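Novice: First the structure, then my questions, so here it is.
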């Protein structure tokens, strides 16, 4: 028996040693990760594809292209028109300037004439004076008598001259005033024109933005429709049903409320459509707040 | 040495149950190897002893000196020696008695020889059944560990939206270590079991033959 026990313990030790050696060999020679296998890149985005008729797509593409082309043409036409208008305005402005110049010229001419007249008047007066002197000299006798008359005459003349002068001054002031007013008018008109053009430009930009937004929103709605359709259970329902759903979302596309606005007539269909909307949450929604605000509440016709 | 996925890492990162399974398998492997070595020594010794004894037996002129020689040995007789000893002892004892039938003497010695052989058989066959058990069950135990590990790794996968092979692969590899261990324990055990049961059968055949031959000799003695 003792011999047996000895034999068994010896065998046990031998087997332990064997396992130990084997373990060490395995650990050192079986390094799995000595050559890391290049990991296949995880697919970044799994494409959620829906089968689409190619022809239809082409048709749609063509339609969009046509639309765009047409739009471009329209834009070009509009631009041309605007340019034309601008040219016209310029022409008008030039004309006005020309007119103004003419007026100035005329005014100058008038002034010259006035001066001439004054000179002539002075001369005349001088002559008259000389004549009077002569007369005085000649008619010393007559002087006393004439003096009164002369004085009167002189007075009248003086008064007249004064009056004339006053009138002239008045006229001048009026002219000046008129000119200033004209200038102001012109400026105001110009400014108004500029404003009008600017306003038109801004409006145009806004319209374009609106159009862009509409397109974007259409795209998002298409995506939403697709994602809802992918969740929709068509089993046991007739084809061709459709209902109008109102969806309220919060930022990030989470659906807060979905309600049937116009029923399809089939209660099951309505119920399932609603469920599909909820289970498709979060729906694809724009990150841009401006765009999102426009589609916070959307209403669309669901027809799978 | 990068131990990203070395065997040690795989074992240490496994879940508790899988580790337990691995421990059981390692223990089973160690014990079965102990028995393999043990049995091999025992069987070889028995074979050598029987050959040696057969030589001795057939070269002996008379059986009585052989018996005394064997009885005088201080260590316990084994195998064929034991059978011979038992048979001859019974034969001698019965032969000493007066008025006894020769057939009855032969019967008695044969019976005692059969008993001795059965005892030898029992001794030789001990622990062989353990090898058979290890050989047949340890693959299943290992498989159980693997299935459990894979279950866990798939459960972890359930919460992820995008499943890639890179996410399950480490768990599966970890779990598969258990199966590898099960196979590692089972294969030597099965081979050893088959081999040793064959060896034991041959030895027993040999004992049987020897018993028959010895009986015929005794028969001759009894009826002479």
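Novice: Given the C-alpha centroids of the stretch B:156-219 and the stretch B:15-63, what is the distance between them in whole angstrom?
Specialist: Here the two parts' Cα centres lie 15 Å apart.
Novice: Set the Förster radius R0 to 30 Å, insert the Cβ-Cβ distance between residue A:71 and residue A:194 as r into 1/(1 + (r/R0)^6), and round the FRET efficiency to 0.05.
Specialist: E(calc), rounded to 0.05, equals 0.60.
Novice: Cut-off is 10 Å between beta-carbons; in what order do B:81, A:58 appear when sorted fewest neighbours first?
Specialist: Arranged by neighbour count, lowest to highest, B:81, A:58 become A:58, B:81.
Novice: Calculate the FRET efficiency for residue B:183 and residue B:55 from the Cβ-Cβ distance with a Förster distance of 51 Å, rounded to the nearest 0.05.
Specialist: 0.75
Novice: For chain A, what does -39500 (n - 2.57) per DSSP helix run (n ≥ 4), summed and divided by total residues, give at 222 nm, in deg cm²/dmol to the nearest 500?
Specialist: Mean residue ellipticity, 222 nm, calculated: -27500 deg cm²/dmol.
Novice: How far apart, in nm, are two points set 7 Å out from the Cα along the Cα-to-Cβ line at residue A:98 and at residue A:169?
Specialist: The modelled label-to-label distance comes out at 4.0 nm.
Novice: Counting only helical runs of four or more DSSP H residues, what would the 222 nm mean residue ellipticity of chain B come to if each run contributes -39,500 (n - 2.57) and the total is spread over all its residues?
Specialist: The helix contribution divided over chain B gives -30500 deg cm²/dmol.
Novice: While we're on this one: Given a cut-off of 33 Å, what percent of all Cα-Cα pairs of the protein assembly as shown lie beyond it?
Specialist: The answer is 76 percent, as a whole percent.
Novice: Is the stretch A:69-163 best put as rounded, prolate or oblate by its Cα gyration tensor, with a ≥ b ≥ c the root eigenvalues, rounded for a/c under 1.5, and otherwise prolate when a/b is larger than b/c, oblate when not?
Specialist: prolate
Novice: Can you tell me how the stretch A:178-304 classifies by the Cα gyration tensor, rounded, prolate or oblate, using a/c under 1.5 as the rounded cut?
Specialist: Prolate, because a/c is 1.5 or more and a/b exceeds b/c.
Novice: To continue, here is another question. What do you get for the angle between helix B:80-96 and the principal long axis of chain B? Use alpha-carbon atoms, 0 to 90 degrees, nearest ten.
Specialist: 30 degrees
Novice: With angles folded into 0 to 90 degrees, how steeply does helix A:141-231 sit against the dominant principal axis of chain A? Use alpha carbons for both and round to 10.
Specialist: With rounding to tens, the tilt is 10 degrees.
Novice: Going by alpha carbons, how many degrees (0 to 90, nearest 10) lie between the helix axis of B:63-72 and the longest principal axis of chain B?
Specialist: The answer is roughly 50 degrees.
Novice: Just grab the label-to-label distance for residue B:12 and residue A:86, each label 7 Å out from Cα along the Cβ direction, in nm (one decimal).
Specialist: Result: 7.7 nm between the two label points.
Novice: Turning to a different aspect of this structure: In which sequence would A:278, B:198, A:220 go, from the one with the fewest C-beta neighbours within 10 Å to the one with the most?
Specialist: Placing the least packed residue first, the sequence is B:198, A:278, A:220.
Novice: Then there is this: Give me the Kirkwood hydrodynamic radius of the stretch A:238-302, using the inverse of the mean 1/r over all pairs of distinct Cα atoms, in Å to one decimal.
Specialist: 12.2 Å
Novice: Rank these for me by crowding, A:131, B:131, going from fewest to most other beta carbons within 10 Å.
Specialist: Listing A:131, B:131 from fewest to most nearby Cβ atoms yields A:131, B:131.
Novice: For the pair residue B:163 and residue B:41, how long in nm is the line joining their label points, each one 7 Å along Cα→Cβ?
Specialist: Modelled inter-label distance: 5.3 nm.
Novice: Go ahead and run the numbers for FRET between residue A:4 and residue B:92, Cβ-Cβ distance against an R0 of 22 Å, rounding to 0.05.
Specialist: 0.15
Just so you know, all these numbers are worked out from the coordinates, no wet-lab data involved. As the structure is a computational prediction, the values presented were derived from the model and not from experiment. All Cβ positions, glycine included, derive from the backbone under ideal geometry; neighbour counts span all protein chains shown.
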